[in-house]
Amino acid sequence: MKRAVILHGTDGTPEENWFPWLKSKLEAEGYQVWVPQLPEAHTPNRELWDDRILGSRDMADTIMVGHSSGAVEVLNLLMNPRCPHIRLGVMVGAWAGGPPKAPTGFTWEPGQFDKLFPPDGFDFAAIKARADKLAFLHGDNDPFCPLEQAKQLAKQLDAPLTIVHRGHHLGSKFTELPKLWEIIKPSL
């Protein structure tokens, strides 16, 4: 069974952004695609999200795609000993820790992202060991998640980073994301 999972970010839903488009593209290739509503999406919690994802489906040989906090969750899942080996992990609009940047007029709640990141940082060796391939996709003008942090993560994981010019946070501005498909297609 060919499987894929698409994970939304903070305050997200399965129906937004490019998620329905990607789901349709993968289903056309014979994939069973799961786009779950993550619990307590306003305050991302890696333990809660890990339990929801790993406790609901067989994730072996899966393609995982996460956006924003969902991208961080892909990394968290790959550090979890319960996570089986996956085919591909793609992190879209990822960042390395702490609250995202807050553009002018935008604020985050204190502690809103405290439970998203592992307290001892990412275990890059464990992440690499549980995936055939990893890749990053990031906007060059992302106002929330600094490109420099995505570059650091990609370097630590020996993963390619594709940059979308004027891509912003690669969220609601996009109902389709062809660069993402270019990353995924070779792993199908």
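What follows is calculated from the coordinates using simple rules that are stated; it is not laboratory data. Just so we're clear, the structure is a prediction, and the values are computed from it rather than from any experiment. With ideal geometry, Cβ positions are generated from the backbone for all residues, glycine too; neighbour counts draw on all protein chains shown.
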**Complete:** Exposure proxy check on ILE86, ILE163: fewest-to-most Cβ neighbours within 10 Å is ILE163, ILE86
**Request:** Kindly provide the pair-distance distribution of the chain built from C-alpha pairs, with 10 Å bins from 0 and whole-percent values in order of increasing distance.
**Result:** 10, 42, 40, 8, 0
**Prompt:** What GluC sites (Glu not before Pro) does segment 1-31 have in DSSP loop regions with at most 14 other beta carbons within 10 Å?
**Reply:** GLU15, GLU29
**Prompt:** In what sequence do CYS83, CYS145 fall when counting other Cβ within 10 Å, fewest first?
**Reply:** CYS83, CYS145
**Fill in**
Fewest-first ordering of VAL35, VAL72 by Cβ atoms within 10 Å yields VAL35, VAL72
**Fill in**
With -39,500 (n - 2.57) per DSSP H segment of 4 or more residues and division by the full residue count of the chain, the 222 nm estimate, nearest 500 deg cm²/dmol, is -8000 deg cm²/dmol
**Message:** Students often get this wrong: which residues of segment 12-36 have the backbone nitrogen under 11 Å from the point 7 angstrom along Cα-to-C-beta of LYS173?
**Reply:** none
**Asked** So what's the convex hull volume per residue for the Cα atoms of segment 1-77, in Å³?
**Response** 73
**Request:** Would you compute, for the Cα atoms of segment 36-139, the largest minus smallest coordinate along each principal axis and list the three values in descending order, in whole Å?
**Result:** 42, 27, 26
**Request:** Evaluate the relative contact order of the chain (contact order divided by residue number), counting alpha-carbon pairs under 8 angstrom at least 6 apart; express in whole percent.
**Result:** 23
**Prompt:** Which of the residue pairs LYS128/LYS151; LYS2/LYS151; LYS25/LYS179; LYS2/LYS133 have a Cα-Cα distance greater than 24 Å in the structure shown?
**Reply:** LYS2/LYS151
